[in-house]
Amino acid sequence: MLLLVLVGLSMCCPVEARQNEDAVFDGAKPAYWLFPPGVPGNEYGVFHFRKTFDLDSIPEEFIVHISADNRYRLFLNGEMISSGPQRSDLMHWRYETIDLAPYLKKENVLAAVVWNWGEHKPVAQFSYRTAFLLQGNSRVEAELINSDKSWKVLRNEAYEALPVGWGQVDGYYVSPPGERVDGSLYPWGWKTLSYSDVEWLTPETNEGWGADITRMRGGMPTGEGNKWQLVPRTIPQMEESETRFLTVRRTEGIEATDSFLKGDGDLVIPSNSSVSLLIDQAHLTNAYPVLELSKGLGSSIRLTYAEALKDSSGFKGNRNEIEGKTINGLQDLFLPGGGSNEIYQTLWFRTYRYVKMDIQTGEEELRIHDLHGIFTGYPFELKATFGSNMDWLSDMWEINWRVARLCAWETYFDTPYYEQLQYIGDTRIQALITMYMSDDDRLVRQAISHFDVSRIPEGITASRYPSELAQYIPTFSLIWVAMIHDYWMHRDDQEFVASMLPGIRAVLGWFEKQLDETGLTGSIPFWPYIDWAQGWELGRPPGAKSGHSVMISLQFAYALQRAAELEGQLGNTINAGHYMKLSESIIKQVRAKAWDEKRQLFRDALELDEFSQQTNTMALLVGAVDEADQETFMQRVFTDSGLTQATYYYSYYVFEALLKAGLGDEYLDHLDLWKEMLAMGLTTTPEEPEPTRSDSHAWSAHPNYGLLATVLGIRPAEPGFRSVIIKPQLGNLEFAKGAVPHEKGLIEVSFKRNNEKELEAEITLPDGLKGYLIWEGYRKELVSGYQKLEI
């Protein structure tokens, strides 16, 4: 049976759970999960919960804790207060803590919309059943507003799911469905105090199920748990801000201006008309569409959302061009109720640049007063800056940051349109972008923790998490190890990093069992993905399934080296020694068995005569290439056209190898693919080269990291970023400047070249941070504060 379990909170942060804890919070009586009566818990539905209460006076604080399944929005006196719960799994089901005091009046109404996508729920959504919970923090709040049978509930019959049909979008789609909303059935005004809920129902609760619901997370004293193991929210609420469409690009059946897009004029559609408008946001965004209208009973408004338009052959081409192109994608359908100033806002955000509005009116004209979006995303603040005499880099910087924001919500996303899933391969790059461009690393820590709890008993992580549909890409588990190492280098958070060591050991232990008599990995089960390279089926390198993949063996060595550093500093020196010896053994076998003397490159697999940038990049990164030979070796990797080429994603590793080989000054010369993105009208970076399914994949945004970490050369000199090394690689730039956030403040640099060898440098380090500058063999110690150097 269901058992409510809450984690105790103080005003701001978690309280340690204690055995035999009798109070849920500060002496408060327990709240109960509320369920819509007579409704199967896993069925699609949208529900409203309400509770009115009066106050003699307005308190200084009024703390409540809220959760729901699948999702909720909470309103107080008509104002949106909280949205959630923060996405996670059932063993770590989140609740939000909110102080309602600033929004209270003498007479109040709490109102929540709760929805369950049912069979249409996205793959990222864990769920037990439709439910809502609100708990007061103390006796005062609990007596007034705790969720119990004094609340009312209504099923909103206006909603139906509008699932994505076969062929409606390209490729794999596992995001939420569209919505069909019938305004004639909608309970308008349900959030307001004046609304009458006398016909609403009394919810069912878990009261009387025989479980002591006042205990903390962990369940009853005998250890039984429950379906929702409640833990506090760890990230801020998502940003929500108005965003406006740019223009109407095309119309059919009507002449239309942009007035209604600005909210300063009506779009009037006569009765018995069929019209269509193609609307352009001008750039890709994530937003909740908001439609305000009057009249139009018997009309229908269908919105279709797309990242790009396509021609008759299915080719996207230049994203700014619309001639001869059509739209296909996720849809919402609104049926106006015929009232005045009806406002429709989708429950879930949509990802779009283009929106097509197809309208069919009945016997009554329809007036659309406004159409706009409410942008949403993780509330990152851009702290980093970059400028140079190469103007197009600023445009690239902009699209890279935009896609980084669109792919960051309550978790990181691979793509906000198609999947909304947090994959390790994507997330490592997104985490580096986050740490270099923002001073908020909470989403990074959450992602590392998510992957840790996703591990199976055999040791490896899931490839993506949260995900109710399990998927395993063992090679991504190795990248998770590298991601933890990245965090260790950039953040002074040793306790958190040390807590990941058991998971790291489990992952490496699993891979060690995959080594066979050759000293390399044998056949790798599940999906051993590396890169969407041309000719690699499902992104698997040669030998991944048949055995003896040099690429995967080297990636194992790459993870071992990073784990050895972590263990040596924070864990077990015996483990550190073992991991280094094992890495050296793999590299020795690769050099002995996979080196092709004729090509002067490493083969992709022992038994195959195939070569790739990916394998040879990893060989250089792990030290399989002697330092004296690295420069010519890396030039060969770039110039040998017979190699399988790395795509946008894996080029991050190629560029890191370029730097390691001493060729960092060539970094900017290899960004032509990003210049092509701009020429094609892309406003975010795509998943892969054309033809691409997704126009929004932040794994392709890594050049922003490169501009800061390679071109400006700002990198941690030691773990925890306790000191900094600044080694600019300006290439052909005459001038470059920028800033990188650090836990102590901003690291600011400005470089000007007078000729090939002479450099003027202005550097400001925050208080408490020291380091050194390296330029053309010159090394200068840096201190906190401003310093100007001429080299």
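The values are calculated or read from the model by the stated rules, or taken from the named source; none is laboratory data. What you are looking at is a predicted structure, and each value in this text was computed from that prediction instead of being measured. In this analysis, Cβ positions are derived from the backbone assuming ideal geometry, glycine residues included, and neighbour counts consider all displayed protein chains. Heavy atoms of the whole protein, side chains included, go into the accessibility calculation; ligands, DNA and RNA do not. Shrake-Rupley method; radii C 1.70, N 1.55, O 1.52, S 1.80 Å.
Among the residues of the stretch 101-117, the ones that are among the polar types (S, T, N, Q) and without any contact (Cβ under 8 Å) to a residue 24 or more places away in the chain come to 0 in all. Candidates Ser88, Ser184: the one that is closer than 20 Å to Leu347 by Cβ, polar (S, T, N, Q) and buried (at least 19 other Cβ atoms within 10 Å of the Cβ) is Ser88.
One residue stands out in the stretch 730-745 among those that are touching a Leu at 6+ places or on another chain (Cβ under 9 Å) and assigned to a strand (DSSP E or B): the one that is most open to solvent (accessible area, probe 1.4 Å), namely Lys737.
Within the stretch 80-103, the set of residues being within 11 Å of Gln237 (Cα to Cα) and not charged (D, E, K, R) comprises Ile81, Ser82, Ser83, Gly84, Pro85, Gln86, Thr97, Ile98.
Taken together, Ser175, Ser194 contain a single residue that is modelled with pLDDT of 95 or more, over 24 Å from Gly118 (Cα atoms), assigned to a loop (DSSP other than H, G, I, E, B) and not basic (Lys, Arg), which is Ser194. Only one of the numbered conditions (1) open to solvent by less than 30 Å² (accessible area, probe 1.4 Å); (2) touching a residue at least 40 places away in the same chain (Cβ under 8 Å) is violated by Gly539, and that is (2).
Test Leu708 against the criterion of being farther than 16 Å from Ala404 by Cα, touching a residue at least 40 places away in the same chain (Cβ under 8 Å) and either among the charged types (D, E, K, R) or open to solvent by less than 10 Å² (accessible area, probe 1.4 Å) (or both), and give yes or no. Judged against the criteria, Leu708 is not a match.
Quickly run through the stretch 573-589 and pick out the residues that are in contact (Cβ under 8 Å) with a residue 40 or more places away in the chain and either outside any helix (DSSP H, G or I) or of a type outside the set (S, T, N, Q) (or both).
Tyr579, Leu582, Ile586, Lys588, listed by residue number.
Could you figure out which of (1) in contact with a Ser or Thr (Cβ under 9 Å, 6 or more places away or on another chain); (2) at pLDDT 95 or above; (3) open to solvent by less than 10 Å² (accessible area, probe 1.4 Å) isn't true of Val39? Only one criterion in (1) in contact with a Ser or Thr (Cβ under 9 Å, 6 or more places away or on another chain); (2) at pLDDT 95 or above; (3) open to solvent by less than 10 Å² (accessible area, probe 1.4 Å) is unmet by Val39, namely (3). In the condition set (1) open to solvent by 10 Å² or more (accessible area, probe 1.4 Å); (2) touching a Leu at 6+ places or on another chain (Cβ under 7 Å); (3) of a type outside the set (A, V, I, L, M), Glu252 is compliant with all but (2).
May I ask you to list the residues in the stretch 260-271 that are assigned to a helix (DSSP H, G or I) and open to solvent by less than 40 Å² (accessible area, probe 1.4 Å)? If the condition is that a residue be assigned to a helix (DSSP H, G or I) and open to solvent by less than 40 Å² (accessible area, probe 1.4 Å), then Phe260, Leu261 are the ones that fit. Being modelled with pLDDT of 95 or more and in contact with a Pro (Cβ under 9 Å, 6 or more places away or on another chain) is a property that Glu321 lacks. You will find that of Thr632, Thr685, Thr639, the residue that is surrounded by 19 or more Cβ atoms within 10 Å (Cβ to Cβ) and either under 18 Å from Ala709 (Cβ atoms) or of a type outside the set (D, E, K, R) (or both) is Thr685 and no other. Applying the condition of being touching a Lys or Arg at 6+ places or on another chain (Cβ under 8 Å), of a type in the set (Asp, Glu) and part of a loop (DSSP other than H, G, I, E, B) to the stretch 750-780 and asking which residue is surrounded by the fewest Cβ atoms within 10 Å (Cβ to Cβ) yields Asp767. Among the residues making up the stretch 268-288, those that are of a type outside the set (S, T, N, Q) and over 21 Å from Thr326 (Cα atoms) are Val268, Ile269, Pro270, Ala287, Tyr288.
Residues are listed down the side, and each one gets a yes or a no for (1) in contact (Cβ under 8 Å) with a residue 24 or more places away in the chain; (2) among the small types (Gly, Ala, Ser); (3) out of contact with any Ser or Thr (no Cβ under 9 Å at 6 or more places or on another chain); (4) on the phi > 0 side of the Ramachandran plot:
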| residue | (1), (2), (3), (4) |
| --- | --- |
| Ala628 | no, yes, yes, no |
| Phe638 | yes, no, yes, no |
| Gly642 | yes, yes, yes, no |
| Thr647 | yes, no, no, no |
| Leu659 | yes, no, no, no |
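Condition check for Arg445 on (1) basic (Lys, Arg); (2) touching a helix residue (DSSP H, G or I) at 6+ places or on another chain (Cβ under 9 Å); (3) buried (at least 19 other Cβ atoms within 10 Å of the Cβ): one failure, at (3). Across the stretch 54-74, the number of residues qualifying as open to solvent by 10 Å² or more (accessible area, probe 1.4 Å) and either of a type outside the set (Ser, Thr, Tyr) or under 17 Å from Leu193 (Cβ atoms) (or both) comes to 8. Could you list all residues from the stretch 498-532 that are crowded, with 21+ Cβ neighbours inside 10 Å and either of a type in the set (Gly, Ala, Ser) or not in a loop (DSSP other than H, G, I, E, B) (or both)? Passing the criteria: Gly503, Ile504, Val507, Leu508, Phe511, Thr521. Scanning the stretch 154-162 for residues that are among the hydroxyl-bearing types (Ser, Thr, Tyr), modelled with pLDDT of 95 or more, part of a strand (DSSP E or B) and open to solvent by less than 10 Å² (accessible area, probe 1.4 Å) turns up nothing. Among (1) surrounded by fewer than 19 Cβ atoms within 10 Å (Cβ to Cβ); (2) outside any helix (DSSP H, G or I); (3) touching a helix residue (DSSP H, G or I) at 6+ places or on another chain (Cβ under 8 Å), where does Leu608 come up short? Looking at each condition in turn, Leu608 falls short on (3). If I go through the stretch 563-584 residue by residue, how many of them are open to solvent by 10 Å² or more (accessible area, probe 1.4 Å) and within 24 Å of Val637 (Cα to Cα)? Of the residues in the stretch 563-584, 1 are open to solvent by 10 Å² or more (accessible area, probe 1.4 Å) and within 24 Å of Val637 (Cα to Cα).
Just one of the numbered conditions (1) open to solvent by 30 Å² or more (accessible area, probe 1.4 Å); (2) closer than 26 Å to Ile473 by Cα; (3) in contact with a helix residue (DSSP H, G or I) (Cβ under 9 Å, 6 or more places away or on another chain); (4) not aromatic (Phe, Trp, Tyr) is not true of Ser546: (3). A single entry from Tyr128, Tyr103 fulfils the requirement of being open to solvent by 40 Å² or more (accessible area, probe 1.4 Å), touching a Lys or Arg at 6+ places or on another chain (Cβ under 6 Å) and on the phi < 0 side of the Ramachandran plot: Tyr128. Check the stretch 103-119 and report whether any residue there is of a type in the set (Lys, Arg), under 18 Å from Ser175 (Cβ atoms), modelled with pLDDT of 95 or more and not in a strand (DSSP E or B). Scanning the stretch 103-119, I find no residue that is of a type in the set (Lys, Arg), under 18 Å from Ser175 (Cβ atoms), modelled with pLDDT of 95 or more and not in a strand (DSSP E or B), so the answer is no.
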